[in-house]
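Asks: Mind having a look at this structure? Questions to follow.
The values are calculated or read from the model by the stated rules, or taken from the named source; none is laboratory data. As the structure is a computational prediction, the values presented were derived from the model and not from experiment. Glycine also receives a Cβ, built like all others from the backbone with ideal geometry; neighbour counts cover every protein chain displayed.
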Amino acid sequence: MTKLSILVGGLPALLFIPAGLHAQTDIQPDAEAVARGKNIFTQSCAGCHGADTFGTDRAPGLSGNRRVRARNIEQLRNLISHGIPATGMPAFNLAPQDLEAIVAFVHSLNSSAYETPVLGSAEAGKEIFFGSAGHCGTCHMVNGRGSDTGPDLSNAGREMTVQEIEGALLQPDSRITPGYELVTVHLRDGASVRGFVRGMTNFDVQLQDLDGKFHLVHSHEILSVAKEKRSLMKPWSGTPAQLRDVVAYLSRLAGVTEANAKAGFDIPPSRPGDIDFARIETLNPAIGLPITAISKAIALAR
C-alpha cells in the first residue's frame, strides 16, 4: 500500500476537527509546485488512487471527492505528514518542498481550474484553440465565438478542474457531456439523421444534426435509433506543449467578467452587421425608442 493509498478512507478521523484548531497557514501554490506534486503522485500514489486520480479497486478516487474538497491545505498537510495509524496509513515523511507540492496537487483535484495555477501560455492556447492546430472552435464556442455544435466552454475554468479539462481532451469518450451523446436515427425511407437528441416524446424526436440544423422526426417515420458510445470529439493529437497551453487557456475561462472584457480576453471582436446589445438594453419594448430619448420627451412635455 502506498503512503497515500488510503487517504480518503482515513479522512473521517480528521474530518470533524474544527478548522480553527488547525494553523491557518494556507500558502497559495505556484504552477511549478502543482506540476511537481503531480509527478510525485504519479510515482507514489497512482497505483492505488489511479493514474487519472479517479481511484481503483484498491483505493477511492481523489478527484470529485467531497471529503477532500472539504479540507483546506493545512488539514491536508497534517493528514499526509502525520498519517492515520489506526487505519494503516503511515506518516508521509517528505521534504518540506515535496510535501507542499503533493498537498497543492491533491488540493487542486477538487478546486476549479480557474483557481489553480497552471503551466503554459493562455494566449498561445487561445491561438491553438481557434487556429488550425487545434480546430476546437469549429465545434465549441467561447463567449460567442466559435460553433455551438459542442458544449459551450465560456465558463470551463469555473466549472471544471484541471484534471477534468485534461481528461476531456485526452480521453473524450470516457466522460461525454450530458446532451451530447451521439445517436443515428434510421428512417423507413432509407435516410438517416446523425446528431444529438434535443427532445423526445411518445410521438416524435427532436434532433440537432452535426451542421446545427434541427429535425423533427415523427415516430411513424423511425425505423430504429442507434446510440453511439463514443464522443464526436477526437482525442488530443497535438504536442504535449500545445496541450499544456490549451489547458492554460481553458482554465482561464470564467465567463464574461469585467477584467477579461477590459483585456479583450476571449471576447470576439465586433464585425460589421453584429447586433449592438448595449443599444438593445436601452430600448423601450413598446415602441422601440431608447429610454433616454423617451425621458427627454416627457421632460419637455412637462
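Asks: Looking only at segment 129-160, count how many residues are over 22 Å from residue 195 (Cβ atoms) and either in the same structural domain as residue 196 (by TED's automatic domain parsing) or touching a helix residue (DSSP H, G or I) at 6+ places or on another chain (Cβ under 6 Å) (or both).
Replies: Number of matching residues: 7.
Asks: Return the only residue of 111, 154, 147 being touching a Leu at 6+ places or on another chain (Cβ under 7 Å) and small (Gly, Ala, Ser).
Replies: On the way: 111 fails: touching a Leu at 6+ places or on another chain (Cβ under 7 Å); 147 fails: touching a Leu at 6+ places or on another chain (Cβ under 7 Å).
That would be 154, the only listed residue that is touching a Leu at 6+ places or on another chain (Cβ under 7 Å) and small (Gly, Ala, Ser).
Asks: Report yes if some residue within segment 153-165 is farther than 23 Å from residue 111 by Cα, part of a loop (DSSP other than H, G, I, E, B), in contact with a strand residue (DSSP E or B) (Cβ under 8 Å, 6 or more places away or on another chain) and not basic (Lys, Arg); otherwise report no. Break it down into steps so the answer makes sense when it comes.
Replies: Keep residues of segment 153-165 that are farther than 23 Å from residue 111 by Cα, which gives none.
No.
Asks: Can you find a residue in segment 98-120 that is without any contact (Cβ under 8 Å) to a residue 24 or more places away in the chain and more than 29 Å from residue 242 (Cβ to Cβ)?
Replies: We begin by selecting, within segment 98-120, every residue without any contact (Cβ under 8 Å) to a residue 24 or more places away in the chain; these are 99, 115.
Among the residues that remain, those that are also more than 29 Å from residue 242 (Cβ to Cβ) are: 99.
Within segment 98-120, one or more residues are without any contact (Cβ under 8 Å) to a residue 24 or more places away in the chain and more than 29 Å from residue 242 (Cβ to Cβ).
Asks: Can we say residue 59 is farther than 22 Å from residue 178 by Cα, in the same structural domain as residue 36 (by TED's automatic domain parsing), of a type in the set (Gly, Ala, Ser) and surrounded by fewer than 21 Cβ atoms within 10 Å (Cβ to Cβ)? Show your work before the answer.
Replies: Details: farther than 22 Å from residue 178 by Cα: yes; in the same structural domain as residue 36 (by TED's automatic domain parsing): yes; of a type in the set (Gly, Ala, Ser): yes; surrounded by fewer than 21 Cβ atoms within 10 Å (Cβ to Cβ): yes.
Yes, satisfied.
Asks: Can you pull out every residue in segment 177-235 that is more than 28 Å from residue 164 (Cα to Cα) and either in contact (Cβ under 8 Å) with a residue 60 or more places away in the chain or of a type in the set (Lys, Arg) (or both)?
Replies: Matches in segment 177-235: 188, 213.
Asks: Next question. All but one of (1) charged (D, E, K, R); (2) touching a Phe, Trp or Tyr at 6+ places or on another chain (Cβ under 9 Å); (3) touching a residue at least 40 places away in the same chain (Cβ under 8 Å) hold for residue 173; which doesn't?
Replies: Result: residue 173 passes all but (2).
Asks: Check whether at least one residue in segment 188-202 is touching a helix residue (DSSP H, G or I) at 6+ places or on another chain (Cβ under 8 Å), modelled with pLDDT of 90 or more, under 21 Å from residue 153 (Cα atoms) and not aromatic (Phe, Trp, Tyr), and report yes or no.
Replies: no
Asks: Of 154, 192, which residue is among the small types (Gly, Ala, Ser) and in contact with a Ser or Thr (Cβ under 8 Å, 6 or more places away or on another chain)? Break it down stepwise before answering.
Replies: On the way: 154 fails: in contact with a Ser or Thr (Cβ under 8 Å, 6 or more places away or on another chain).
That would be 192, the only listed residue that is among the small types (Gly, Ala, Ser) and in contact with a Ser or Thr (Cβ under 8 Å, 6 or more places away or on another chain).
Yes or no, residue by residue, for (1) of a type outside the set (A, V, I, L, M, F, W, C); (2) surrounded by 14 or more Cβ atoms within 10 Å (Cβ to Cβ):
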site	(1), (2)
67	yes, yes
97	yes, no
100	yes, yes
105	no, yes
122	no, yes
126	yes, yes
136	no, yes
148	yes, no
162	no, yes
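Asks: Within segment 176-192, how many residues are loosely packed, with under 15 Cβ neighbours inside 10 Å, in contact with an Asp or Glu (Cβ under 8 Å, 6 or more places away or on another chain) and in a loop (DSSP other than H, G, I, E, B)?
Replies: 2
Asks: For segment 193-201, indicate whether the set of residues that are assigned to a helix (DSSP H, G or I) and either on the phi < 0 side of the Ramachandran plot or not hydroxyl-bearing (Ser, Thr, Tyr) (or both) is non-empty.
Replies: Going through segment 193-201, the residues assigned to a helix (DSSP H, G or I) turn out to be none.
Within segment 193-201 (the criterion being assigned to a helix (DSSP H, G or I) and either on the phi < 0 side of the Ramachandran plot or not hydroxyl-bearing (Ser, Thr, Tyr) (or both)), the answer is no, since none of the residues qualifies.
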